[in-house]
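Here is the structure we will look at.
The values are calculated or read from the model by the stated rules, or taken from the named source; none is laboratory data. Everything numeric here is computed off the predicted structure, so don't read it as measured data. Cβ sites come from the backbone with ideal geometry, for glycine too, and all protein chains shown count toward neighbours.
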Amino acid sequence: MSDISLEINLQDGEPLLDIRRYRPGDMINGTAVVYPNKEINAQHVYIRLQWQTAGRGTPFKQKEAELDLFQGTLMAGLPQSYPFQFVLPEQPWSYEGHYIKILWEIELSIDLSWVRDPQATQAILVEPDRAGQTDWSSQYG
Amino acid sequence: MGLQMEKSRNFNLRHSCVFFFGLFWVGFSSIFLVVGIVSSDWVFIGIGSLFTLAGLAILAYGAMQLFTRYLIGQPTFTLSNQHQLHVGEILTVSWHHSFPRNVIVDALQVQLIMREIATYQQGTDTKTVTHNEIIDSYEEDGREYNAGEMIHGHYEFQIPLSGMHSFKVRRNEIKWVLQFKLAIARLPDFIDEYELTVLPQVMTNV
């Protein structure tokens, strides 16, 4: 059993299978939940909005926003919940092509000393409304 | 009202580069050939000859490309919009050209292309792969044109509503290109490319 469990819960957006779709410029509201199984001294609890390229090209990662949710001691057996809010930029849109993909995600990370930082990510879809096309699951499902 | 199109700069350079690269290759490899001949070293003569022949082939291809451009000249393109396009937008392309010399054109093609360019590292090599997604294409049969003969065309293309905006970060690029191609008998194709900028905005009244 790991020392800590992390969870990202998102509100708003349009649910598509196991992912949520937002429009460029939309506001993302969510909650980061941390379940410590032992006492942990967290230097920072970060939540980040970021995107990266995937596919054949060398991956490129861009952090669009970062919030420092908490600094201090997380008590064993005491779940902590932190609300957060991001505003999506106008670009880039999510994309899945032949050689290039653009993937958006929200990352929850606990900054710890001398050990690997535990992380959790939640993928999101950033897609504008396009007249005559509403079934996004057929394209990305 | 249309705007005269700006040609893709990289594409323009490529034509002269092949020729000058071939010239450099021939010059460099012929040193080995000359050294081999002077010293009667058959290994140098053999390797030098192979490299010089390869260089001459590159040089000949580069020269043929330049000759094609000399034969055709430079067509004039006008586009309703080149750098402020929206996803879903319809763009009109007009072109006209007066051939400076007699030429036999096998076919004419105008294509709207969405191109993915991905660069990656493999060992110590840097490799680039390109994928062209042909969105729409117009083709016309060619014929023999006389010097001074005027041709023109007018086409409509649409950036598809499901399309992606232009995108460029380190080693990953999505670009929109309008490609104009003339297939010339017994010569390399005449190809001009014009880069379009598609903004991350959807046309609302399509």
For the stretch B:176-199: of the residues being touching a Phe, Trp or Tyr at 6+ places or on another chain (Cβ under 9 Å) and surrounded by fewer than 19 Cβ atoms within 10 Å (Cβ to Cβ), which is farthest from B:N102 (Cα to Cα)?
B:T197
Positions within the stretch A:39-71 being without any contact (Cβ under 8 Å) to a residue 24 or more places away in the chain, within 14 Å of another protein chain (Cβ to nearest Cβ) and not polar (S, T, N, Q), in sequence order
A:P59, A:F60, A:K61, A:K63
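Which one of these is among the aromatic types (F, W, Y) and under 18 Å from A:L69 (Cα atoms): A:Y22, A:Y46? Steps first, answer last, please.
Details: A:Y22 fails: under 18 Å from A:L69 (Cα atoms).
It is A:Y46.
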If I ask for residues that are surrounded by fewer than 19 Cβ atoms within 10 Å (Cβ to Cβ), assigned to a loop (DSSP other than H, G, I, E, B) and in contact with a strand residue (DSSP E or B) (Cβ under 9 Å, 6 or more places away or on another chain), which ones from the stretch A:1-51 would you list?
A:D3, A:Q11, A:D12, A:D18, A:R23, A:G25, A:D26, A:N37, A:K38, A:E39
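Taking A:D18 as the residue in question, decide whether it is more than 14 Å from chain B (Cβ to nearest Cβ) and at positive phi. Please lay out each step first, then the result.
Details: more than 14 Å from chain B (Cβ to nearest Cβ): yes; at positive phi: no.
Answer is no for this residue.
When the residues of the stretch A:122-134 are narrowed to those that are over 20 Å from the mean Cα position of the chain (by Cα) and within 11 Å of another protein chain (Cβ to nearest Cβ), which ends up modelled with the highest pLDDT?
Taking the stretch A:122-134 first, the residues over 20 Å from the mean Cα position of the chain (by Cα) are A:129-134.
Of the ones still in play, those that are also within 11 Å of another protein chain (Cβ to nearest Cβ) are A:129-133.
Details: A:D129: 93, A:R130: 88, A:A131: 71, A:G132: 57, A:Q133: 53.
Only one residue fits best here, namely A:D129.
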Residues being at the interface with chain B (Cβ under 7 Å from one of its Cβ atoms) and either of a type in the set (K, R) or outside any strand (DSSP E or B) (or both): count how many of those fall in the stretch A:90-106.
7
So, first residue in contact (Cβ under 8 Å) with a residue 60 or more places away in the chain in the stretch A:8-23, second residue among the basic types (K, R) and surrounded by 17 or more Cβ atoms within 10 Å (Cβ to Cβ), Cβ within less than 8 Å, six or more apart or across chains; the pairs are A:L10/A:R20; A:G13/A:R20; A:G13/A:R21; A:E14/A:R20; A:E14/A:R21
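Just to be sure before I move on: is B:Q111 within 29 Å of A:E96 (Cα to Cα), part of a loop (DSSP other than H, G, I, E, B) and of a type in the set (S, T, N, Q) in the structure I sent? So that I can check it myself, show each step before the final result.
On the way: within 29 Å of A:E96 (Cα to Cα): yes; part of a loop (DSSP other than H, G, I, E, B): no; of a type in the set (S, T, N, Q): yes.
So B:Q111 does not fit the description; no.
In the stretch B:80-129, which residues are of a type outside the set (A, V, I, L, M), touching a residue at least 60 places away in the same chain (Cβ under 8 Å) and farther than 25 Å from B:Q201 by Cα?
Restricting attention to the stretch B:80-129, the residues satisfying the condition of being of a type outside the set (A, V, I, L, M) are B:80-84, B:86, B:88-89, B:92, B:94-102, B:106, B:109, B:111, B:115-116, B:119-128.
Next, only the ones that are touching a residue at least 60 places away in the same chain (Cβ under 8 Å) stay: B:80-84, B:86, B:88-89, B:92, B:94-95, B:106, B:109, B:111, B:115.
Residues satisfying the conditions are B:W95, B:D106, B:Q109.
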Would it be correct to say that A:L74 is buried (at least 19 other Cβ atoms within 10 Å of the Cβ), away from every other protein chain (no Cβ under 11 Å) and over 28 Å from B:S162 (Cα atoms)?
yes
Could you check how many residues of the stretch B:131-175 are assigned to a loop (DSSP other than H, G, I, E, B) and of a type outside the set (V, I, T)?
15
Scope the stretch B:176-199; condition assigned to a strand (DSSP E or B) and either free of Cβ contacts under 8 Å to residues at least 60 places away in the same chain or among the aromatic types (F, W, Y) (or both); matching residues:
B:W176, B:F180, B:F190, B:Y194
Of the candidates A:S81, A:S109, the one satisfying the condition of being farther than 18 Å from A:L17 by Cβ, within 14 Å of the chain's Cα centre (by Cα), away from every other protein chain (no Cβ under 14 Å) and at pLDDT 95 or above is A:S109
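Quick check, is B:H165 within 14 Å of another protein chain (Cβ to nearest Cβ), under 19 Å from A:I102 (Cα atoms) and in contact with a Pro (Cβ under 7 Å, 6 or more places away or on another chain)? Lay out the reasoning, then the answer.
Working: within 14 Å of another protein chain (Cβ to nearest Cβ): yes; under 19 Å from A:I102 (Cα atoms): yes; in contact with a Pro (Cβ under 7 Å, 6 or more places away or on another chain): yes.
Yes.
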